[in-house]
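Nothing in this text is a laboratory measurement; each read-out follows from the coordinates by a stated rule. This is a predicted model, so every value here is computed, not measured. When we count neighbours, we look across all protein chains shown, and the Cβ atoms used for this are built from the backbone with ideal geometry, even at glycine.
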Amino acid sequence: MRIAMLKKLFTRLYMRHHDQQEIWDFAQQQLWKNERTVEYRFVLEQLIGRTPCTILDVGTGKTALPALLANCGNRVMAIDNVRDYWQNGMMNRHFPVLDENISWVCT
């Protein structure tokens, strides 16, 4: 019974935090143009008419693209060089991102 009470308390605390985060995110929105519209359009046009497939998103950053592609029925893996590229670390709240450096050195 105690476990059920703790689970209920944890769920309430999590949902309260989640709701506050959404309100803060909404308040922080700014109107600005960037290349994401072009990137998303290109990727989605490439996937039109294809059956669900496996997708590797390299350098995903904080974007929701991997989550969007997964919601479309694809199997997605997202990778970014978090340790070396992002000064203060990075967390993608939309999709889990593997912290890997996949650069190659040509000699």
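Brief remarks on what is shown
- Residue satisfying condition, being surrounded by 11 or more Cβ atoms within 10 Å (Cβ to Cβ) and more than 17 Å from the chain's Cα centre (by Cα), within set 102, 79, 3: 102
- Enumeration of residues in segment 1-35 that are among the hydrophobic types (A, V, I, L, M, F, W, C) and closer than 22 Å to residue 92 by Cβ: 15, 23, 24, 26, 27, 32
- Residue within segment 51-73 that is touching an Asp or Glu at 6+ places or on another chain (Cβ under 7 Å) and assigned to a helix (DSSP H, G or I) present: yes
- If the condition is being farther than 18 Å from residue 65 by Cβ and assigned to a helix (DSSP H, G or I), then segment 17-41 contributes 17, 18, 19, 20, 21, 22, 23, 24, 26, 27, 28.
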